[in-house]
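What follows is a set of notes on a single structure, which appears directly below.
Derivation of every value follows stated rules applied to the coordinates shown; laboratory data play no part. Keep in mind the model is a prediction, meaning the values are calculated, not measured. Here the Cβ positions follow ideal geometry from the backbone for every residue, glycine too, while neighbour counts run over all protein chains shown.
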Amino acid sequence: MRTIGNALLLALRGLRRNVLRSVLTMLGIVIGVAAVIVMVTVGRGATAQVTRQIAEMGSNLLMATPGQRMGPGQESGAQPFRAEDADALERQAPSISAVAPLASAGATAIAGSANWSTSVTGSDDRLFRVRNLQVVAGRAFTDSEVRSGAAVCVLGATVRRELFGSASPVGRHLRLGKLSCQVIGLLQARGQSSMGQDQDDLVVVPLRTFQRRIAGNTDVGLLQIAVRDGLSTEVARQEVQRVLRERRHVSGLKADDFQVIDLKEIASMLTGTTQLLTGLLGAVAAVSLLVGGIGIMNIMLVSVTERTREIGIRLAIGALEREVLAQFLVEATVLSSFGGLVGVAVALLASWGITALLGVPFLFLPGVVALAVLFSAAIGMAFGYLPARSAARLDPIEALRHE
């Protein structure tokens, strides 16, 4: 213990002799540790954001689209859904609790002198249950409004802000193309989706209103399906496929002319992608730690050369080789460890700023921080060993002759 204490004291004295050189040497370790922690922290925050947004949409949610690909358009030859398909799924698929038919189109919303290009979605009251949409002011659609195709609408927070500012839109009127509708509700703000889409930039109207007054047809482009709690989404998907194949007259070995997507699959794909990118970026950042270690080895070799006479005096008056070895090894370890601690402080500040800028949660990861500090210390020991051994093996007589 005493030997280690003396080695630590000598190491601190050696580093203090050339403060600027020590600081510049630590810079590589600081950058390496900070880069690793920032990349991992931001990546984990992005993964948590994706998971949270998927959960907000519904933990047991299926989406059915005509054709064989996701997107606003439909595959050539694929017939669109009908509103009756949603009712049939609820009746014939035991695993399903609710199905919301959706049809969407872009439109310019006008209120007074303000206008805003937005997305208009036609659906019914089941949409609010399936998508976990919360109405924070006013109300959702009534059954009679859905059946009659009433000229009413519910706004997202972005449309409310652009058209009405901070004032309450409930009871006011706006125009969507040729449709003039009364605002009966305001949705709770949800922010951007994991794809960067503004989830609050929408106007929801009854499906029949949308079909009659905006689209001019009875097409339904998307079915959002809520699975009953505790039941398998895979079983529910099979039931959906069976019912839709019957209704769309797809028989035998013919391929489905629709696609059923499990939201859990999308969540798994997105989180897997973010985790992979986080790992790759963290590995790239870790390379800078190795570069910092090479810098430490270089400076320690220079230090041994500069202090050759001092080492010779120590060996001549009885210092053991292992004591000289410990001195320089501790010096390299202190240099890298202190750089690691500074890197942690820089990383936490940078991570907090970047996550706030990107709008993702800041997650403090003590395991990653501890691992980065320990790895930086290990880098110092590994790259400091060669210079330390070189110092310990100096011939005292030759070292005393060194100028």
Would you mind calculating the relative contact order of the range 183-241 from Cα pairs under 8 angstrom and at least 6 residues apart, reporting the percent as a whole number?
14
Spherically averaged projected area of the range 201-278 from its Cα convex hull (nm²):
8.8
Ranked by how many other beta carbons lie within 10 Å on average, peptides 141-148, 38-45 from highest:
38-45, 141-148
Taking H placed 1.01 Å from N in the peptide plane, check which residues at least 5 places from Ala103 or on another chain put their amide H under 5 Å from its amide H.
Gly122, Gly221
Subtracting the Cα-Cα distance of Leu277 and Trp352 from 0.36 nm times their residue separation yields 25.1 nm
Quick one: which of 207-213, 336-342 comes out on top by average Cβ neighbours within 10 Å, and what's the full order, highest first?
336-342, 207-213
Please give the charge dipole size of the range 122-260, origin at the Cα centre, charges +1 on K and R Cβ atoms and -1 on D and E Cβ atoms. Round to the nearest 20 debye.
340
How large is ³J(HN,Hα), in whole Hz, for each residue of the range 162-169 in order, when computed from phi with the Karplus curve 6.51 cos²θ - 1.76 cosθ + 1.60 and θ = phi - 60°, using x for Gly and Pro?
6, 9, 10, x, 8, 6, 6, x
Share, in percent, of DSSP beta bridges within the range 150-193 that are antiparallel, nearest 5:
50
Starting from the Cα gyration tensor of the range 120-181, take the square roots of the eigenvalues, sort them a ≥ b ≥ c, and report rounded, prolate or oblate (rounded when a/c is under 1.5, otherwise prolate if a/b is larger than b/c, else oblate).
oblate
What percentages make up the Cα-Cα pair-distance distribution of the range 154-249 when the bins are 5 Å wide from 0?
2, 10, 15, 15, 16, 16, 12, 8, 5, 1, 0
FRET efficiency for Asp87 and Gln192, using Cβ-Cβ distance with R0 set to 41 Å, rounded to 0.05:
0.80
